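Values in this text are rule-based calculations from the coordinates and carry no lab data. If you're wondering where the values come from, they're calculated on a predicted model, not measured in any experiment. A quick note on method: Cβ atoms are made from the backbone with ideal geometry, for glycine too, and the neighbour counts reach across all protein chains shown.
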Amino acid sequence: MKVLPSVSVILCFFLLFEFSLVFAEEKKGQVYIVNTPILNMREDPSIESDVLGRLVQGNFLQVLQHKANWSKVNFDGKEAWVASDFIIPAKEEEQDSFFITPELLDGYTIVIDPGHGGKDPGAIGINGVHEKDLILSTSKKIAKQLRENGAKVVLTRTDDYFVSLDERINIAHAHNADAFISIHYNAFSIENVQGFNTYYFSSATNRNLAKAIHGSLAEEVNLHNRGLLEDDYRVLRKNQRPSVLIELGFITNSVELKTLQSDGYQSLVAKAIAKGLMDFFHGRDEDET
C-alpha cells in the first residue's frame, strides 16, 4: 500500500513533463490574449526586473520565446517579458487576422533574389509559363510584405533582365545583408511531382535560416512539403551572408501551377517568409547541437 503515493507522485511528474513539452512546442509566433486585468511587461524574465509598460485584459500580443514561467512577447513593436500564467492562446480566426507589427524587422537588410531573368527564362512550365516571370511577381510581393514589416529590402532584379550569379552574390555582400533569399519555382518531366523545398549550404547559421523560413512556409501554404535540403548552389556556396534558396512549387504540375499563379498563394508565401525571418532573427530556430 505504501507504493501508491510514490506512483501518484511519478504520474503527476510525468503529466507535468508532458504539459511542458506541449507548451514548448507550440506554434512559433502564436498570438496570445492577456487574461488578467493588468499585466506588467518587464525587461527581463524576473519579478525583480524593471517594468517597461502595462497590458490590460484583452490585449493581443505575439509570443516570441518561452523561458520557465515567462514568455518573451511582441506588443505594438516592443519586446518584453510577461508572466506566462496570465496569457492564453487566441482563437484560430484571431490568429489569422492578427499579424506582426512592422517594427519587428526594423533595422534588418534583406536581399530578395528573383532567380533567372532576361535571356535566362528558367524552367518552362505548363502552357509555356516561364519560371522567371512567376518568380518576379512573387518576389515583389515578398519585398512589399517585408517592407511593411520594417525591413530594408534589396531586389537583385526588379524587371525581366539578366543578372549573373556572381552579381547576385555581390549585391548581398555590398549591402551586408542580414539574409539573402533566392526565389525559384521547380520543374520535372513527370507531371504529378509536386511541392516546395528549401535549400541551404553548410553552416549552422544558414541551416537555422532555412529551418525558420521552411517551417513557416509549412505552416502557411497548402502544398506538399518536400523538406529541407543541403546543396551547393553557387549563390549559396559563395555567399558570405546568411542565405537560402527556396523552390516554391512545380510549374510542370497543371494542378499546382494554378495555385502558384494565384495572388493568394504568393501573398501567403510572402507572409510566411516574413514570419520565418522574424523567427530567425529572434532566435527561435537555433540548432541545439
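Give the residue from 276, 200, 150 lying farthest towards the positive end of the charge dipole for the range 102-281; charges sit on Cβ (+1 for Lys and Arg, -1 for Asp and Glu) and the dipole is referred to the Cα centre.
Sorting the options by dipole projection puts first 150.
Arrange 116, 282 by Cβ neighbour counts within 10 Å, fewest through most, would you?
By the 10 Å Cβ count, ascending: 282, 116.
Give the order of 41, 278 when sorted by the count of other beta carbons within 10 angstrom, beginning with the fewest.
Sorted ascending by nearby Cβ count, the order is 41, 278.
Taking the Cα centre of the range 200-280 as origin and charging only Cβ (+1 Lys, Arg; -1 Asp, Glu), how large is the dipole, in debye to the nearest 20?
Using only the charged Cβ atoms, the result is roughly 280 debye.
Quick check: from the Cα gyration tensor, does the range 198-251 come out rounded (a/c under 1.5), prolate or oblate?
Prolate shape, in that a/c is at least 1.5 and a/b is the bigger ratio.
Distance cut-off 18 Å, Cα to Cα: go down the list 91/211; 144/271; 132/275 and report the pairs above it.
91/211; 132/275
So if R0 is 51 Å, what FRET efficiency would residue 36 and residue 192 give, r being the distance between their Cβ atoms, rounded to the nearest 0.05?
0.45
Which of the GluC sites (Glu not before Pro) found in the range 166-219 are loop residues per DSSP with 14 or fewer other Cβ atoms within 10 Å of their Cβ?
191
Hull surface divided by four, with the convex hull built on the Cα atoms of the range 102-281: how many nm²?
If you wrap the Cα atoms of the range 102-281 in a convex hull and average its projections, you get 9.0 nm².
Please get the size of the charge dipole for the range 234-279, origin at its Cα centre, with Cβ charges of +1 on Lys and Arg and -1 on Asp and Glu, quoted in debye to the nearest 20.
320
Rounded to the nearest Å, what's the spacing between the alpha carbon centres of the range 239-269 and the range 104-127? Just the number, please.
Value for the Cα centre distance between the two parts: 10 Å.
With both partners inside the range 102-281, how many of the DSSP beta bridges are antiparallel, as a percent to the nearest 5?
Just about 20 percent of them are antiparallel.
Hey, for a label at residue 165 modelled as a point 7 Å past Cα toward Cβ, could you say which residues of the range 102-136 have their backbone N under 20 Å away?
Inside the label zone: 111-124, 131-133, 135-136.
Can you tell me the length gained on complete extension of the stretch residue 140 to residue 258, counting 0.36 nm per residue apart and subtracting the Cα distance?
40.6 nm is the gain from fully extending residue 140 to residue 258.
Which of 199, 108 has the fewest other C-beta atoms within 10 Å, and how do the rest follow up to the most?
108, 199
If the chain between residue 46 and residue 203 were fully stretched, how many nm would it gain, using 0.36 nm times the residue separation less the Cα-Cα distance?
Gain on extension, residue 46 to residue 203, equals 53.1 nm.
May I ask you to evaluate 6.51 cos²θ - 1.76 cosθ + 1.60, the Karplus curve with θ = phi - 60°, for each residue of the range 133-146 and list the ³J(HN,Hα) values in order in whole Hz, giving x for glycine and proline?
Per residue, the Karplus-derived 3J(HN,Hα) values read 6, 5, 4, 5, 5, 5, 4, 5, 5, 4, 4, 4, 4, 5 Hz.
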